[in-house]
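The values are calculated or read from the model by the stated rules, or taken from the named source; none is laboratory data. The structure presented is a predicted model; accordingly, all values stated were derived computationally and were not measured. Glycine also receives a Cβ, built like all others from the backbone with ideal geometry; neighbour counts cover every protein chain displayed.
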Amino acid sequence: MVLIEWREEYCTGIEGVDYEHENLIAQINSVYALVDKQADRQTLVESLGDIYGSISAHFALEEQTMRKLGYIHLEEHEADHQRLLDEIGDITEHLENTNELDESMFKQKLADWFQLHFKTHDSRLHKLVNHAAHDQVDESSMKTLIQKAKTRFLGNLRHRS
């Protein structure tokens, strides 16, 4: 069983964006599976770090596209991106600091975390840009962006604890 299934309503028509969203759903579902298997806390934290890295890189590319297109809701959308990054940080920090994991609440937070932004901000963005081309980034550059974001995230998390 998976937490989030890819649905047509998630399809933006922008190949790169759809790929990144599908990958994010797969990562969320991997964390969901780890919780079901009662993986150790560090494995879960590392997996949330992977999600943070991926979503951070995705947001950077999406914001670059919005700037290029002169998207009028850019500031609002960027603020929601920051809120989402903060939330995944809070989810991860809570996981590190709790003695008992409420699995159903944890899973629901992950599902809500993805779906709310997508159904509001991303839905409006992709309808308005008429399926504009998403900037393509080679796989190596994308992996570097993701790894840098994950390393920064996990480092900041350790300093907060």
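Annotations
A quick yes/no check of all residues on (1) modelled with pLDDT of 70 or more; (2) under 16 Å from residue 7 (Cα atoms); (3) surrounded by 14 or more Cβ atoms within 10 Å (Cβ to Cβ):
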| residue | (1), (2), (3) |
| --- | --- |
| 89 | yes, no, yes |
| 92 | yes, no, yes |
| 96 | yes, no, yes |
| 108 | yes, no, no |
| 113 | yes, no, yes |
| 123 | no, yes, yes |
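- With respect to the conditions (1) exposed (fewer than 13 other Cβ atoms within 10 Å of the Cβ); (2) in a loop (DSSP other than H, G, I, E, B), residue 71 falls short on a single one, namely (1).
- Selection status of residue 64, in a helix (DSSP H, G or I) and without any contact (Cβ under 8 Å) to a residue 12 or more places away in the chain: no
- Of residues in segment 32-54 being more than 21 Å from residue 156 (Cα to Cα) and assigned to a helix (DSSP H, G or I), the one nearest to the chain's Cα centre (by Cα): 32
- Taken as a whole, the condition of being over 22 Å from residue 139 (Cβ atoms), hydrophobic (A, V, I, L, M, F, W, C), part of a helix (DSSP H, G or I) and at pLDDT 90 or above applies to residue 79.
- Hey, residue 19 among the hydroxyl-bearing types (Ser, Thr, Tyr) and touching a residue at least 12 places away in the same chain (Cβ under 8 Å) or not: no
- Tally, over segment 84-112, of residues that are under 12 Å from the mean Cα position of the chain (by Cα) and either more than 20 Å from residue 26 (Cβ to Cβ) or of a type outside the set (Gly, Ala, Ser) (or both): 8
- Segment 67-108, residues that are among the hydroxyl-bearing types (Ser, Thr, Tyr) and touching a residue at least 60 places away in the same chain (Cβ under 8 Å): 92
- Qualifying residue in segment 8-22 (condition: crowded, with 18+ Cβ neighbours inside 10 Å, of a type in the set (A, V, I, L, M) and modelled with pLDDT under 85): yes
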